[in-house]
1. So, R0 is 51 Å and r is the distance between the beta-carbons of Met1 and Leu172; what FRET efficiency does that work out to, to 0.05?
2. Given a cut-off of 36 Å, what percent of all Cα-Cα pairs of the chain lie beyond it?
3. Can you pull the percent of the chain's accessible area that's carbon plus sulfur, 1.4 Å probe, other chains left in place?
4. Keeping all protein chains in place, calculate the accessible area per residue for region 1-58 (probe 1.4 angstrom), answer in Å².
5. How many nm is it between the label spots at Glu234 and Gln270, if each spot is 7 Å from the Cα in line with the beta carbon?
6. Report the net charge of residues surrounding Leu129, where surrounding means a beta-carbon distance below 12 angstrom and charges are Lys +1, Arg +1, Asp -1, Glu -1.
7. Evaluate the distance, in nm, between pseudo-label points positioned 7 Å from the Cα of Arg202 and of Asp246 along their respective Cα→Cβ axes.
8. What net charge do the residues around Pro186 carry, taking every other residue with its C-beta under 12 Å from that of Pro186, with Lys and Arg at +1 and Asp and Glu at -1?
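The values are calculated or read from the model by the stated rules, or taken from the named source; none is laboratory data. Quick caveat, the model's predicted, so the values are computed rather than measured. Here the Cβ is made from the backbone with ideal geometry for all residues, glycine too, and neighbour counts use every protein chain on show. Protein only, heavy atoms only, side chains kept; ligands, DNA and RNA dropped before computing areas. Shrake-Rupley method; radii C 1.70, N 1.55, O 1.52, S 1.80 Å.
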Amino acid sequence: MNRILVLGGTGFVGRATCAELVERSGGAGGTITVPTRRARAGRTIRYLPTVEVVEADVVRDDRALARLVAGQDAVVNLIAILHGDEARFREVHVELPRRLSKAMRDAGVRRLVHVSALGVGPNAPSLYLRSKTEGEAVLRDAGLELTILRPSVIFGAEDRFINLFAKLQGVLPLVPLGGAQARFQPVWVQDVARAIVVALERRDAIGQTYECVGPTVYTLAELVRLAGRIAGHERPVLPLPGALADLQARLMELAPGEPLMSRDNLRSMQVPNVATGQLPGLEALGIVPSALEAIVPTYLGSGAGRARLTPLRARAHRD
């Protein structure tokens, strides 16, 4: 597959995926097309051989989406949001997959790798998870050569998860924490990127859904403490009961910019973000999951995460 369209290619997972695609190809031949609403968002991947950054709004512009899909060998869909109202979740997680599947059918492009999430289900407690569920169903009904990946929370040098908790502990005397006992099985961004690329390469991945998780299950409180300890300033964690956690999230929603936590995030955490064991995992794609405690110290040391690795350099620290 020499021509690949990566939707969401300028994001955290997208940048790692583009780097992995280039590395697997040796940087020779083919084209990796990455649309973005703002061209400057693609500045970190523009230097990669064979990557072409195109300014386009694929979430709202059907003609742009059709134009980008035409002539491709495969599509990777990484576009997702964590915060929003019901209409916004549907627009991104349901209607975009519906429009994408139509554009692919019209163009005769069949191969699609779609990144979803653990915990999906029609009765899931959050708008995020229910919209992800419906998006998966739309794509399964589209008759495409589909592979779905369901990752747990993803960590890496540029994440907004481990890094955030480390930075907060650099300025706060303690960490009030809603959902402290929520369970996660964090997976390294490079392992997810590799899974996407391997899935594209393997015909036996068509029709499969893979759970992408790391080797260890943590509570949210344990992850917060671990981030602080590695960064060199671990603070006490104060678990908040349900009503206070909800109030904290409500106040965060009122703050300017993207909230650190929303009430919908709290509802998502009611579902364990861990592998069910009922679906194949990274090992089925030939990937040994990397341990968080082996990777995080390579980019987050004493100093609250000032050190950063690019996706390509981070690969040197695998395992």
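1. The calculated FRET efficiency here is 0.60.
2. 15
3. C and S atoms contribute 52 percent here.
4. 44
5. 3.2
6. +1
7. About 4.4 nm, to one decimal.
8. Around Pro186, the charge tally is -3.
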